[in-house]
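> I'd like to ask some things about the structure below.
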Amino acid sequence: MSTRKKKTHYTDPKADREASNYDKPVPSREAVLACLAEQPTPLSFERLMKYLGVTSEDDQVAMARRLRAMERDGQILRNRRGRYGTIDKMNLVRGTITGHADGYGFLVPDDGGEDLFLSAREMRKALHGDRVTGYVSGVDKRGRAEGVLVDVLERRHQHVVGRYFNENRVGIVVPEDKRISQDILIPLGDEFNARDGQMVVTAITQQPGARHQPVGRITEILGDHMAPGMEVDVAIRKYELPHVFPDAVLAEAARFGDSVPGDAIASRKDIRTLPLVTIDGVDARDFDDAVYCEPLQGGKGKGWRLIVAIADVSFYVAPGSRLDKEAYERGTSVYFPNRVIPMLPEALSNGLCSLNPGVDRLCMVCDMEISPSGRIQHYSFYQATMRSHARLTYDEVAAILVHKNEQLQSKRSDILPQLQHLYTLYKTLLRVRLSRGAVDFELPETYIEFDSNKKISCIVPRERNDAHRLIEECMLSANVCAADILDKHKVPAPYRIHAGPTDEKLTALREFLFELGLSLSGGDKPQAQDYADVLEQAKERPEYRLVQTVLLRSLSQAIYSPDNIGHFALAYPHYAHFTSPIRRYPDLMVHRIIKNIVTGKKQAKTGSGKERKVLEKEQHSRAQAQSEHCSMVSRRADEASWDVIKWLKTEYMMDKLGQEYEGIISGVTNFGIFVELKEVFVEGLVHITSLGNDYYRFDPTHHRLTGERTRTTFRLGDSVKVSVSRVDLDEARIDFELLELKSSQLPKDRKTDKKSRKKKSKKTKGRRQSKRKKRR
């Protein structure tokens, strides 16, 4: 049994400071925290006063005020019994807020624990994206853990983009991001001459609290709500995308001039005579990869030599330079339907780093020897100087190789042999891809065409031809070689990793497939081949698109990480991004590492074993932080692009109210079904209240809604006919009304034609009449 006595009085470490600040000083916050930290249980106010030596009534009143301030600042917490404790000992949850348009939100814990539901009342204290601390206060009516916010650790939003309104001399900004449900008050004089209804950027001057809304000052007027290109300007501000290059960055890019320096050419391998070509989309402006193929020496059947040359961005963008810091912050180029926000200034992205035809360019080369069976037997990386011999488009190459267009073949006769070698190699690599079991989802992609006013003129499907696939296989080969050399030299680098399905998603997937008469092999750890087998089983079935969608949703998102776990969907044990350093920062990082390896500049592992381990840990931590940043900016770019596309498609549908379309159910939720129109590739919602006079039960495992009374079923992938009932551009929302049920939605006892229903009606009517006669 311990004989140690509990401490019953605490010396204030900040007593001198308190005495200099107040005529009647009381124990400091530090003394309160020290006292509570040493106690095994929370303390009542009386016991805390006793331990702190506060005896007079006036001092206790002052201490009560101090404790309330410490509560408000998140330093301490008072539980339901009125006892005080420190945050660390009160089981507080730290995490990030995810807001909802209806006012409530969730606290998503940093440790991956259960999300805490935050009522609209609690959400008054913070905005979507804020980092906070809170605690579990109970369980709501739906069985969710409910939380109370204690402190805001970090404010996510300093600027908010939204629409300005002025009513009765009271100005507000309604945020464009609907996850921020609080309007921002704009005091008189801080409206920056904005007009009612305009899109603006607001600097938040007072963050929200329990008793007041956020207050702001308009700093930028973007323009009228429906102005051409407004959707991109809004997305840039909403997602805080860096879009203006500082003058110092532009000056640094400009100092390289417009031609390759002679000393750089002299120190590299010269491959300018090789007929390397670029193959890209017709609207591409930056060309960062070129290819060349020839049979290996020794005659037919000996395999191929494949060269993939990538623009050497690392020559111009040095680590720690202004260009490098700006490129890292951006992380990726952001592609909108009618505009690009580049990662690098145009002097580099469309100039010195773009493999334009007929000019000298510096490059990093992956030179591969590929066997007749399609296996990479040998590869090497080296720095070179190249000259593109042609700028080709996918459609042109497909016309030459697939459709045998004689006119184009004659026009490109100088490079035709190497194009034919590329095509032969592609067919071999494709066979290897299929035998490897890589998952190839064939979901439709669309392309938006604009008129002269920057408005959508039409939405068309983007067709992938063999030229697209040819380049894809070449890039995959180079990326695999890049990952292999990184793995061999054990250098912390941003691998592109893709994890398989979680146990929970795997169970739900198998239940879904079982109902369709399909099965996923592979046990607890299925591989890509097992997924590919399911796709092959379902290929000729009407549910093929449904199966593809469900398989895709069972997988996680690919990310960057120094922890190489392989790429599930591509069925590669290691994979990295190497082929697009103009537009992706991870590729630039990989280039630098490989360049250090091939030039012998990699960091030597000197010092003791302990020192090396410390160094390796530091390098891994740095690579982890860089990888997380690159994954974040990649997701940010995707979300911004999706937002713009959604807004444009909503605007496109504004004049189509009442029009009827055939569609496919693309999503099923507990509040309705999402339908993608077949003709225009636009998605909208059929709310559950529009599905008919019935109660519908949502089955997330089988992705369907089923009526309790009618047994009518709406399932992912089903065909429906709808009309456009509502288009709300502010919400970027399209509502459909269900017009016609297909046979797949109807239960068996309702799949009868009109004649049979009439016959049944006549029989029923006859029986009723005969019963009446008998009663008489």
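> Give, rounded to the nearest 20 debye, the magnitude of the charge dipole that the range 348-429 has about its Cα centre when Lys and Arg contribute +1 at Cβ and Asp and Glu contribute -1 at Cβ.
Its charge dipole is roughly 60 debye.
> Next question. Once label points are set 7 Å from the Cα along Cα→Cβ at both GLN420 and SER457, what is their separation, rounded to one decimal in nm?
3.9 nm
> On to the next question. Please report the antiparallel percentage of the DSSP beta bridges confined to the range 432-581, to the nearest 5.
Within the range 432-581, antiparallel bridges account for around 90 percent of the total.
> What accessible area per residue comes out for the chain, rounded to a whole number of Å², with a 1.4 Å probe?
Heavy-atom accessible area per residue stands at 52 Å².
> Taking a ≥ b ≥ c as the square roots of the eigenvalues of the Cα gyration tensor of the range 147-251, is the shape rounded (a/c under 1.5), prolate (a/b larger than b/c) or oblate? Before the final figure, lay out the partial values.
Numbers: a/c = 1.84, a/b = 1.20, b/c = 1.53.
Since a/c reaches 1.5 but b/c is at least a/b, the shape of the range 147-251 is classed as oblate.
> Per-residue counts of other Cβ atoms within 10 Å, averaged by peptide: what ranking do you get for 445-451, 724-730, highest first?
Values: 445-451: 13.1, 724-730: 15.6.
Packing order, densest peptide first, comes out as 724-730, 445-451.
> Let me ask another. Of the peptides 211-218, 583-590, 252-259, how do they stack up when ordered by the mean number of other Cβ atoms within 10 Å, highest first?
Values: 211-218: 17.4, 583-590: 25.8, 252-259: 14.2.
With the highest mean Cβ count within 10 Å placed first, the list reads 583-590, 211-218, 252-259.
> To the nearest 10 square angstrom, what accessible area does HIS159 show with a 1.4 Å probe?
HIS159 exposes around 90 Å² with every protein chain in place.
> Continuing with the same structure: Treat each spin label as a single point 7 Å out from the Cα along the C-beta direction, and report the SER373 to THR98 distance in nm.
Placing both labels 7 Å along Cα→Cβ, they lie 4.6 nm apart.
> Cα-Cα over 20 Å: which of LYS178/LYS325; LYS325/LYS490; LYS649/LYS678; LYS24/LYS89; LYS125/LYS178? Numbers along the way, then the final one.
Values: LYS178/LYS325 32 Å; LYS325/LYS490 26 Å; LYS649/LYS678 14 Å; LYS24/LYS89 31 Å; LYS125/LYS178 17 Å.
With Cα atoms farther than 20 Å apart: LYS178/LYS325; LYS325/LYS490; LYS24/LYS89.
> What value in Å³ per residue do you get for the convex hull of the alpha-carbon atoms in the range 534-633? Provide the component values of the computation, followed by the final result.
Numbers: hull volume 14.9 nm³, N = 100.
Per residue, the Cα convex hull of the range 534-633 comes to 149 Å³.
> In nm, give the distance between the simple-model label positions of ASP283 and GLN158, each being 7 Å from the Cα along the Cα-to-Cβ direction.
3.5 nm
> Moving to a separate point now. Is the range 412-471 best put as rounded, prolate or oblate by its Cα gyration tensor, with a ≥ b ≥ c the root eigenvalues, rounded for a/c under 1.5, and otherwise prolate when a/b is larger than b/c, oblate when not?
Numbers: a/c = 5.83, a/b = 1.56, b/c = 3.74.
Judged from the Cα gyration tensor, the range 412-471 comes out oblate (a/c at least 1.5, b/c at or above a/b).
> Here's a follow-up. I'd like the GluC sites (Glu not before Pro) in the range 19-70 restricted to DSSP loop residues with at most 14 other Cβ atoms within 10 Å, sorted by number.
Here the GluC sites (Glu not before Pro) that fit, given the DSSP loop and packing criteria, are GLU38.
> Within the chain, which DSSP H helices have Cα atoms that stretch 18 Å or more along the helix axis and a mean Kyte-Doolittle hydropathy of at least 0.0?
Values: long enough: 57-72 (23 Å, -1.14); 416-436 (30 Å, -0.15); 466-488 (33 Å, 0.23); 503-515 (19 Å, -0.33); 585-598 (20 Å, 0.44); 609-652 (64 Å, -1.23); 754-775 (32 Å, -3.29).
Going by DSSP H runs, the hits are 466-488, 585-598.
> I would also like to ask the following. Would you indicate which of [x] 203; [y] 313; [z] 167 is the value of volume of the Cα convex hull per residue in Å³ derived from the coordinates of this structure?
Here the calculated entry is [y].
> Take the cross-link list LYS505/LYS646; LYS505/LYS525; LYS454/LYS656; LYS488/LYS595 and give me the ones stretching past 23 Å between alpha-carbons. Please report the intermediate quantities before stating the final value.
Details: LYS505/LYS646 28 Å; LYS505/LYS525 12 Å; LYS454/LYS656 19 Å; LYS488/LYS595 14 Å.
Distance filter (> 23 Å) returns LYS505/LYS646.
> So which trypsin sites (Lys or Arg not before Pro) in the range 90-131 pass both tests, a DSSP loop state and at most 12 other Cβ atoms within 10 Å of the Cβ? Intermediate values should be presented prior to the final figure.
On the way: sites: ARG94, ARG121, ARG124, LYS125, ARG131; in loops: ARG124, LYS125.
Sites meeting the loop and neighbour criteria: none at all.
> Arranged from highest to lowest average of other beta-carbon atoms within 10 Å per residue, in what order do the peptides 304-313, 488-497 appear?
On the way: 304-313: 25.1, 488-497: 20.4.
In decreasing order of mean packing, 304-313, 488-497 become 304-313, 488-497.
> Taking 56 Å as R0, compute the FRET efficiency from the Cβ-Cβ separation of GLN527 and SER20 and round it to 0.05. Can you show the working numbers first?
Numbers: r = 70 Å, r/R0 = 1.25.
Step by step, r from the Cβ atoms, then E = 0.20.
> Additional query: Once you have the Cα-Cα distance between GLN557 and GLU46, take 0.36 nm times their residue separation minus that, and quote the gain in nm to one decimal.
Working: separation 511, 0.36 × 511 = 183.96 nm, distance 5.37 nm.
So the chain would gain 178.6 nm between GLN557 and GLU46.
> Mean separation of Cα pairs under 8 Å and 6+ residues apart, divided by the residue count of the chain: what relative contact order is that in percent?
Working: 1412 pairs, mean separation 59.4, N = 776.
It rounds to 8 percent for the chain.
> Still on this structure: Which FRET efficiency, nearest 0.05, do SER413 and LYS678 yield, Cβ-Cβ r, R0 41 Å? Present the calculation step by step, with values, prior to reporting the outcome.
Details: r = 42 Å, r/R0 = 1.03.
After rounding to 0.05, the efficiency reads 0.45.
> Can you tally the net charge around VAL170? Count Lys and Arg as +1, Asp and Glu as -1, for every other residue whose Cβ sits under 14 Å from the Cβ of VAL170. Walk me through the intermediate numbers first.
On the way: positive: ARG169; negative: GLU167, ASP183, ASP190, GLU191, ASP196.
After counting each charged neighbour, the total is -4.
> Given a cut-off of under 8 Å on Cα pairs at least six residues apart, what relative contact order in percent is computed for the range 59-177? Mind dumping the intermediate values first?
Details: 205 pairs, mean separation 21.5, N = 119.
Dividing the mean separation by the residue count of the range 59-177 yields 18 percent.
The values are calculated or read from the model by the stated rules, or taken from the named source; none is laboratory data. As the structure is a prediction and not an experimental result, all values here were calculated from the model. Methodologically, a virtual Cβ is constructed for each residue, glycine included, from the backbone with ideal geometry; neighbour enumeration extends over all protein chains shown. These area figures cover heavy atoms from the full protein model, side chains too; ligands, DNA and RNA do not enter into them. Shrake-Rupley method; radii C 1.70, N 1.55, O 1.52, S 1.80 Å.
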